[in-house]
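Everything on this sheet refers to the single structure shown next.
The values are calculated or read from the model by the stated rules, or taken from the named source; none is laboratory data. All of these numbers come straight from a predicted model, not from anything done at the bench. Every residue, glycine among them, receives a Cβ derived from its backbone with ideal geometry; neighbour counts consider all protein chains shown.
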Amino acid sequence: MFVVDTNILLYAAERSFPEHQRCRGALLEWRQRVDAWYLTWSIVYEFVRVATHPKVFEKPWSAPEAWSFIDALLAAPGLGVLVATERHADVARDVLRELPELRGNLVHDAHTAILMREHGIGEIRTRDTDFHRFGFLRVVDPLA
């Protein structure tokens with residue numbers, strides 16, 4: 001079980017990125033899995049935010065185009081979306097106490113890490129080295 005981070009989705013989606021072919025190949029492989037792999041709703045919305053942003057993409061996608069990409073992922077047999085449970089506040093409190101230096105943009109990553117801990121998922125596939133701050137996660141760069 002693992003979570004796929006936004007940057008992998010973006011590289012897989014956008015042909016102009018040098019990482020495109022390798023991330024697309026990985027994502028196509030994961031889409032065929034019947035065993036569990038995950039996204040979070042915040043990762044989904046971050047993907048839509050970035051894919052439609054004119055300062056990130058030379059030719060930004062429309063929101064419906066970005067959502068179409070997400071729809072294709074959501075149809076994968078093994079993909080699930082992590083959501084908060086009744087334990088979420090307790091897990092968040094524990095993680096924030098363990099890492100009191102978290103602030104700014106790292107709060108988004110913390111939300112992902114908190115959901116992962118809450119659901120007992122220890123691996124994230126990402127190119128974002130900030131996830132190494134969360135000692136309870138195994139950070140895997142699928143291009144390494």
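Here are the numbers for this structure:
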{"read-out": "Every residue from the range 94-138 that is within 12 Å of the chain's Cα centre (by Cα) and either surrounded by fewer than 18 Cβ atoms within 10 Å (Cβ to Cβ) or not hydrophobic (A, V, I, L, M, F, W, C) (or both)", "value": "His108, Asp109, His111, Thr112, Glu123, Arg125, Thr126, Arg127, Asp128"}
{"read-out": "Evaluation of Tyr11 against (1) buried (at least 21 other Cβ atoms within 10 Å of the Cβ); (2) modelled with pLDDT under 95 (one fails), failing number", "value": "(2)"}
{"read-out": "Selection from the range 114-140 of residues that are out of contact with any Asp or Glu (no Cβ under 7 Å at 6 or more places or on another chain) and among the aromatic types (Phe, Trp, Tyr)", "value": "Phe134, Phe136"}
{"read-out": "Lone unmet requirement of (1) polar (S, T, N, Q); (2) touching an Asp or Glu at 6+ places or on another chain (Cβ under 7 Å); (3) at pLDDT 95 or above for Ser16", "value": "(3)"}
